[in-house]
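Since the structure comes first, as structure tokens, the remarks are kept for the end.
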Amino acid sequence: MKGLLVKERYSLFNTCKVFLLIPIVLNIVLMIAVMVKRHEISGFPVGLIFVMMGIMPASVINQEMRSNWHVGVLTMPYTRTQIVSAKYIITLIIILLTLLINAACLGVCLAFSSGLSAHSIVETAKILFSGIGMGLLPTIIIMPLTFKFYSNGNGVRLIMSAMFGGFIGGSNAMIMENAQHGGLFGNGFIFMCITIVLFFVSWGVSILLFRKRDV
């Protein structure tokens, strides 16, 4: 299992280098906007950062198909459960790191703008709750499709993944806005809890689908 996670790390760095720049660049822009222009953080696309980072494991799969990794890995001493679980575990690691980076940058912005008041902390927490949910959505939706149609160049998998990926990206602003309603444990917190449950459901479904799949 450790070998699979090491492979995922190398694949992410080699295949998704541009994705890794997204949270750095956008958070620098946020810090400049807040500290220099005195803009509010509420309208900043935190959800987009989480989505772009959360879609990385799915993006790596396309490269795996081209290199026939998906065939070679089945000859290695890994179970299908481990192969699937590596994708979900790496997603959790990515979302956790994205959360820490964004929380730190938002905290700095608050300290230099409105201050760390109870209200500002609650609003920031709501944004982060929603962002976590957005970051988990790509894996929730795309991974079961991937392991259902786990074959080289399968058009159905690519088309359906692209459609759902477009839906997630297009609905980002609407979801993030609606999730800000309510208090600390309002829509944003509920949305995060629902996506966490769905994440583990998706994990189990992907394992079941992949066990039945002939590659």
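The values are calculated or read from the model by the stated rules, or taken from the named source; none is laboratory data. Computed from a predicted model, the values in this text were never measured in an experiment. Methodologically, a virtual Cβ is constructed for each residue, glycine included, from the backbone with ideal geometry; neighbour enumeration extends over all protein chains shown. Heavy atoms of the whole protein, side chains included, go into the accessibility calculation; ligands, DNA and RNA do not. Shrake-Rupley method; radii C 1.70, N 1.55, O 1.52, S 1.80 Å.
Side notes on the structure shown:
- Test: residue in the range 169-188 that is assigned to a helix (DSSP H, G or I), more than 19 Å from SER59 (Cα to Cα) and at pLDDT 75 or above: yes
- Scanning the range 70-103 for residues that are buried (at least 17 other Cβ atoms within 10 Å of the Cβ) and over 30 Å from ILE127 (Cβ atoms) turns up HIS70, VAL73, ARG80, GLN82, ILE83, VAL84.
- The residues in the range 185-210 that are open to solvent by less than 30 Å² (accessible area, probe 1.4 Å) and within 15 Å of the chain's Cα centre (by Cα) can be counted, and the count is 4.
- Lone unmet requirement of (1) modelled with pLDDT under 75; (2) open to solvent by 50 Å² or more (accessible area, probe 1.4 Å); (3) part of a helix (DSSP H, G or I) for VAL25: (1)
- All told, ALA118 falls short of being modelled with pLDDT of 75 or more and farther than 28 Å from PRO144 by Cβ.
- Criterion violated by HIS70 - all others in (1) modelled with pLDDT of 75 or more; (2) touching an Asp or Glu at 6+ places or on another chain (Cβ under 6 Å) satisfied: (1)
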